[in-house]
Ligand SMILES: Cc1cc2nc3c(=O)[nH]c(=O)nc-3n(C[C@H](O)[C@H](O)[C@H](O)COP(=O)(O)OP(=O)(O)OC[C@H]3O[C@@H](n4cnc5c(N)ncnc54)[C@H](O)[C@@H]3O)c2cc1C
């Protein structure tokens, strides 16, 4: 045994490991450190209630990973940090994560697009499992213990909370996307530009608000990115009172996280219910439908292709009367409709404040060893989770990054 500052006893060969941030990444790191280093003493500090963030994930159901991809394809679901994550995924990816939870008594189910949830549909069960495992591993969890200051001297980390200071041999920073960057900076790390990601988007067109509540499944959007040409994304889109939300809007917000979007500098989207289908093909389809029911109103014909409320919008935007009989539709009118079916202009003028799910940007990845999550600046320091410059789309990718980087950081910190 050796006695360290604060009077704690640590078995010879063990370390005192501190994890700052009791979210999914921090808990996974602490559990892995406990597994790696028998005799190590582990403390998790959280500024609020540990694992509170897990409870709101997946609408209270916790979409804890995504099972639909191989490692490289999975990495492609992270606009920032995907390449960096490949090493961690190859050691502790979705398969290992699902095995980890299942073997500890949490049955899982896979839903559409590979999204994985607890079978109980309760994020609470994920939180409880992590807490139980931490208790079993003898990890000390300190709630409402914000770490305000970290210093390092002679390989020893000194952490200060409002209750005082304590020293540790190893430090894992897992403070998430909203805070804690200052701690990393104070230890010599740099932080990239931060921006909200996975947000709802505000649209200029008033018709979008009139469709509030309508979901367009499997929709596509395209836009011009300066210097990059056309970017396309697909997914389900939800119209809101102020614009758009849902997986597709989140993907756009993620791809455009660092773009200045405002009324003066809008993001011009082209929206379609038929991604990958040419206007000529859509026009031919429309022609056949119009010919089959010449007495039907044009809006009714178009609504066999897209939801009625959206059909109404398209017909009006094409400058046509909604009760125009199909037989009276001119060639030009039909062409205008086909053009709108191929790409309906939607002008995005801002992000909806307070809707962001993750922060884009964080601790610069060049300063981190992807094989250990160890700092290249300070020996004995590790990072995991959203505090890093890593963020993914919706679908379980952000929690997977937390589990993978947490596990790798913890194994290295506890060794
Ligand atoms: C509404 C919502 C729903 C989401 N749903 C999903 C989903 O279903 N699937 C998915 O993959 N992702 C989802 N996400 C994203 C996911 O929750 C995060 O990416 C993930 O929680 C990041 O984990 P983390 O441990 O890195 O950080 P966090 O979960 O943010 O945890 C960090 C912890 O550190 C603590 N902390 C911060 N600073 C300090 C300090 N100085 N001292 C001590 N403690 C500190 C905080 O209190 C917090 O508990 C969702 C996000 C939101 C907002």
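In this simple spin-label approximation, residue 128 and residue 288 carry label points 7 Å from Cα along the Cα→Cβ vector, and these lie 5.4 nm apart.
Computed from the alpha carbon atoms alone, the convex hull of the chain holds 145 Å³ per residue.
Length, then width, then depth: along the principal axes, the Cα atoms of the stretch 199-355 run 49, 31, 27 Å.
Mind running the shape call on the stretch 281-415? Use the C-alpha gyration tensor, a ≥ b ≥ c as the square roots of the eigenvalues: rounded below 1.5 for a/c, prolate if a/b tops b/c, oblate otherwise. It comes out prolate by the Cα gyration axes. To the nearest 10 degrees, how steep is helix 308-317 against the longest Cα principal axis of the chain, on a 0 to 90 scale? For helix 308-317, the angle is close to 60 degrees. Result for the chain in a Gaussian network model with C-alpha springs under 10 Å: among 322, 65, 347, the largest mean-square fluctuation is at 322. Comparing 52, 288, 311 in a Gaussian network model of the chain, where Cα atoms under 10 Å apart are tied by springs, the biggest mean-square fluctuation is seen for 288.
For 98, 373, the sequence from fewest to most other C-beta atoms within 10 Å is 98, 373. Within the listed set 321, 254, 68, the Gaussian network model of the chain (springs between alpha-carbon atoms below 10 Å) gives the highest mean-square fluctuation for 321. What separates the Cα centres of the stretch 295-351 and the stretch 354-393 is a distance of 47 Å. Computed from Cα positions, the angle between helix 94-103 and the longest principal axis of the chain comes to roughly 60 degrees. For the chain, averaging the sequence separation of C-alpha pairs within contact (under 8 Å, six or more residues apart) and dividing by the residue count gives a relative contact order of 25 percent.
Neighbouring Cβ atoms within 10 Å as the yardstick, rank 256, 384, 62 fewest first.
On the way: 256 23, 384 34, 62 26.
By the 10 Å Cβ count, ascending, the order reads 256, 62, 384.
Compute the angle between helix 331-342 and the longest alpha-carbon principal axis of the chain, please, reported from 0 to 90 degrees and rounded to the nearest 10. Tilt of helix 331-342: around 10 degrees. The order of 181, 241, going from fewest to most other C-beta atoms within 10 Å of their C-beta, is 241, 181. Going by a ≥ b ≥ c, the root eigenvalues of the Cα gyration tensor, does the stretch 64-154 fall in the rounded group (a/c under 1.5), the prolate group (a/b larger than b/c) or the oblate group? In terms of gyration-tensor shape, oblate. Take the Cβ atoms of residue 144 and residue 119, set R0 to 45 Å, and the FRET efficiency comes out at 0.90.
Taking every DSSP beta bridge that has both residues in the chain, what percent is antiparallel when rounded to the nearest 5? Don't jump to the answer; show the numbers that get you there.
On the way: 51 of 67 bridges.
Around 75 percent of the beta bridges assigned by DSSP in the chain are antiparallel ones.
All of the numbers you see were taken from the coordinates with simple rules; none came from a lab. Fair warning: this is a prediction, and the values are worked out from it, not measured in the lab. All Cβ positions, glycine included, derive from the backbone under ideal geometry; neighbour counts span all protein chains shown.
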